[in-house]
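Report on one structure; see the data block that follows.
The values are calculated or read from the model by the stated rules, or taken from the named source; none is laboratory data. Note that the structure is a prediction, hence the values are computed from the model and not measured. All Cβ positions, even for glycine, are placed from backbone atoms using ideal geometry, and neighbour counts span all protein chains on display. Note: accessible area is taken over every heavy atom of the protein model, side chains too, but ligands, DNA and RNA are not part of it. Shrake-Rupley method; radii C 1.70, N 1.55, O 1.52, S 1.80 Å.
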Amino acid sequence: MTKDPHLAVHPVPQSGDSHRISYTDQPSKLAKIILTNALLMIPTLGFYRFWAKTKVRRHFWSSIKLDGDALEYTGTGKELLIGFLIAATVFIPIIVVIQILQYLAVTDPDQYGLIAAVVNFSFIILLVFLVYFAFFTARRYRMSRTLWRGIRGGLDGSGFVYALRCVWALFLTSITAGIAGPYAEMPALRYIIKNSRFGTQRFDAPSLSGGPLMKRWLVYLFCLFVFFGALIIYAVMSGMTFQPAEETKPPVFLGVFFLIGLPGFIVLNLWYGIYRIRYITSQIIYGPVRFASGITTGSVLWIGFIYLLAFIGMLLAVVLAVSVLASIFSHPSGGSPIVGAIIIAGAILAFIGISIIVPLLLIRPLLKRFIETMVMVGKIDFSHIGQAARGPGRGEGLADILDVGGF
Amino acid sequence: MDHYQGRYADGRTATLYEVTIRLSASDLFIEETTTATLLAIWPIRHLRKINDDPPGIFRLRCVDDEAARLTVFESHLFTQLAQAGATLIVRRSWPKRIAIVLSTILLILAFIGAGIWGWPRLADIIAGLLPENHQQRLGASAKTTMVTLLAKIYHTEPRFCTSEAGVAALNKMIAQIAVGFSTPMHFKADIADVRMVNAFALPGGEIVITSGLIKFAENPEEIAAVLSHEMAHAIHHHPIRGMVRAMGHNILITMLFGSNIGSSLGEAVLNGAYTRDMEAEADRDGLIALHEVGIKNLGLATFFKRLRDKEEGYTQYLSLLSTHPSFEDRITAAESIQDRPNANSALDTKEWESLRKVCDQTKPLED
């Protein structure tokens, strides 16, 4: 698979002394789910998203099989809705207070200026903190709703500790100009792995360290500095700012730079990111079992390329259709309501297009690829894996409000 | 009695048992195939199917034991279970389904109502409670932000046009129009030095017009028309009401969509719907004020006509999304109010000349 010593997993897995992990599903079934979801999202003003997410997860979970038994997702839309409503009732008063303080700071700066500045600054810090906290608790919810052979997964530990470790990592990374990145992120990562459970047995990653990632990380960072450095030097030399101005024609140099630079940047990102995932996977242990991921940058790049092509094609088609229809229905006496309706219909079409393309052409192929290239070495004695406690009673409210990923 | 092969996990450990399943009239017996140990007896009426399975796999659970799972690979078992009266998939009763749909519709209507009807009225009440001196400070702060932003967009330094005679001409015009509104409100207009053709009313009687607009105007009446329009906004407290409304819409849309997806579009439509009413109100009252003080009020119509011709091509498509009513509607409305027979020009030739040269002298924005 690879000659890299960091990623080597010995011995090479033989069927019989390891577990089989596979991905099987019908894309047409997924397409049907996400199309219905997209169509229901519009009239419900987005409220359907809790049930939409649940259905998509049920599909993906049941597509992943370990030793012939599929995972099962037992979460419900209702739990997600309740979680969201609770988070909203906590979050909205905070925003209202901040807006009132901002108002007071402008109208009465002597008395409220300092307080508002302090509160504002703390809110930004709090928001960064909350994003990590929400990520952790959302993961806890998802794992507790994941069953295999009737046994629940779980995530112990505290979202607070995890978020603290992440903020600390962010701080360390920024004061070292990014160099400490891989070392800084590991404590938080180890925390989440060590607290993950399937049944009564925990996962672990005892020798996870930033060291093996350093070589690639530094190359990545170097390219990043060169890329943005060149951009800054160019900006200073030509005395321009990045504001769009009508008179200045787009400079050819900048165009070529981005045409080569941006794809290069994406490739570079994957080159590091995929290696990082493979390394982390290789460090995870579950009882006597070790894992290895054979996912390659090339395969992910190909998936991304197809997805991007479909995405751009869909947007172009919608824009083209809207422009043609708008020019037919517009007349010189000014904007007609038909044209407005065409534009709104176009926006809705684009929304439906994105809602379908992202899960079908990005998430599904990536997940399938990741699962199919995953190898497990060692044999688990399943009679020793007991049932785990039930997880939290409600869903990932805060993560929904803060838009912290996860399908 | 028939029997089937299957896989069973008891939900206490992850051990997998190869099992033989036997059916009686009312129960399902799960026995380990090799040892013939009875592992579980599930009443047929308590069986449930797990309905998200990939093709060829059927998973069953029993309501008495939520974690145990039975996997079978033959659909024939289901036919037999159905004949035995099993309710493998529990569907909600019709009254319950209707209740869910109705409460969802009610919830959505409540949100729409809160956004379109409730919040604007509440926001107007809140805006009315804000003291005048607070509004003036808000306006001054908003002006700094706006002029800085305009300068950034148009790639210049933030500065005001300040030639003395020009500013005097502008102030004379404002004082004249203010009489038509018969209001104690104090207006303060500044000319921002940017190419854009636009004017803004801010809280507390603050008005910003652009040098682009002054260059674009062909006669003082056009400027008077724009000024009286912005002053009418100020009289009705539209700017502060708009600010408070936008605050709430932000929160509401974040709640609805859970994040920023689609929120900018939604916000534009939502906020736009109100400002369109406000624009029409400002157009009307601005013209009435001009009519009151006897300034020729054809300026608004000619101004819109030329602006329409300038922007022809793209803005007309966006009328539904834009914050202003369509030019056509506004021109028609503007032309419906006739000049007084003795209507005057807004400025004399000399004053008009100095206003056009107001940007000969500029002053940078101080923080």
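Rundown of residues vs (1) modelled with pLDDT of 75 or more; (2) in a helix (DSSP H, G or I); (3) aromatic (Phe, Trp, Tyr), yes/no style:
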{"residue": "B:PHE304", "(1), (2), (3)": "yes, yes, yes"}
{"residue": "B:LYS310", "(1), (2), (3)": "no, yes, no"}
{"residue": "B:LEU320", "(1), (2), (3)": "no, no, no"}
{"residue": "B:PRO325", "(1), (2), (3)": "no, no, no"}
{"residue": "B:ILE331", "(1), (2), (3)": "yes, yes, no"}
{"residue": "B:GLN338", "(1), (2), (3)": "no, no, no"}
Inset, instruction - Tally the residues that are in contact with a Pro (Cβ under 7 Å, 6 or more places away or on another chain) and facing another protein chain (nearest Cβ under 9 Å), restricting the search to the stretch A:40-73. - result: 3
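Condition (residue is open to solvent by 80 Å² or more (accessible area, probe 1.4 Å) and assigned to a loop (DSSP other than H, G, I, E, B)) applied to the stretch B:96-106: is it met by at least one residue?
So in the stretch B:96-106, the residues open to solvent by 80 Å² or more (accessible area, probe 1.4 Å) come out as B:96-98, B:101-102, B:105-106.
From what's left, assigned to a loop (DSSP other than H, G, I, E, B): none.
Looking for residues that are open to solvent by 80 Å² or more (accessible area, probe 1.4 Å) and assigned to a loop (DSSP other than H, G, I, E, B), one finds none in the stretch B:96-106, hence no.
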Inset, instruction - Could you please let me know if B:LEU170 is assigned to a helix (DSSP H, G or I), over 27 Å from A:GLY113 (Cα atoms) and open to solvent by less than 50 Å² (accessible area, probe 1.4 Å)? - result: yes
Inset, instruction - Taking the options A:ILE100, A:ILE124, A:ILE95, name whichever one is more than 10 Å from chain B (Cβ to nearest Cβ), open to solvent by 40 Å² or more (accessible area, probe 1.4 Å) and of a type in the set (A, V, I, L, M). - result: A:ILE124
Inset, instruction - Check the stretch A:302-319 and report whether any residue there is open to solvent by 40 Å² or more (accessible area, probe 1.4 Å) and under 30 Å from A:MET214 (Cβ atoms). - result: yes
Inset, instruction - Answer yes if at least one residue in the stretch A:103-110 is of a type in the set (Ser, Thr, Tyr) and within 9 Å of chain B (Cβ to nearest Cβ), and no otherwise. - result: yes
Legend entry - Residues being open to solvent by 30 Å² or more (accessible area, probe 1.4 Å), touching a residue at least 60 places away in the same chain (Cβ under 8 Å) and over 15 Å from A:ARG364 (Cα atoms) - total across the stretch A:36-65: 3
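In this structure, is A:PHE84 more than 9 Å from every other protein chain (Cβ to nearest Cβ), of a type in the set (A, V, I, L, M, F, W, C), crowded, with 21+ Cβ neighbours inside 10 Å and touching a residue at least 60 places away in the same chain (Cβ under 8 Å)?
Numbers: more than 9 Å from every other protein chain (Cβ to nearest Cβ): no; of a type in the set (A, V, I, L, M, F, W, C): yes; crowded, with 21+ Cβ neighbours inside 10 Å: yes; touching a residue at least 60 places away in the same chain (Cβ under 8 Å): yes.
When the stated conditions are applied, A:PHE84 does not pass them.
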Inset, instruction - For the stretch B:256-269, indicate whether the set of residues that are open to solvent by less than 40 Å² (accessible area, probe 1.4 Å) and modelled with pLDDT of 75 or more is non-empty. - result: no
Inset, instruction - State all residues of the stretch B:65-88 that are among the β-branched types (Val, Ile, Thr) and either within 14 Å of another protein chain (Cβ to nearest Cβ) or open to solvent by less than 10 Å² (accessible area, probe 1.4 Å) (or both); if no residue qualifies, say none. - result: B:THR71, B:VAL72
Inset, instruction - Please list, ordered by first then second residue, the pairs with beta carbon atoms under 6 Å, 6 or more apart or interchain, first in the stretch B:147-167 and within 12 Å of chain A (Cβ to nearest Cβ), second among the β-branched types (Val, Ile, Thr). - result: B:LEU150/B:VAL194; B:TYR154/B:VAL194
Inset, instruction - Consider only pairs whose beta carbons are under 9 Å apart and that are at least six residues apart or on different chains; among these, list those whose first residue lies in the stretch A:367-381 and is open to solvent by less than 40 Å² (accessible area, probe 1.4 Å) and whose second residue is among the acidic types (Asp, Glu). - result: A:VAL377/A:ASP17; A:GLY378/A:ASP17
Inset, instruction - Report yes if some residue within the stretch B:31-44 is closer than 30 Å to A:LYS55 by Cβ, part of a helix (DSSP H, G or I) and more than 12 Å from every other protein chain (Cβ to nearest Cβ); otherwise report no. - result: yes
Inset, instruction - Kindly indicate whether any position in the stretch B:132-154 is open to solvent by 60 Å² or more (accessible area, probe 1.4 Å) and not in a helix (DSSP H, G or I). - result: no
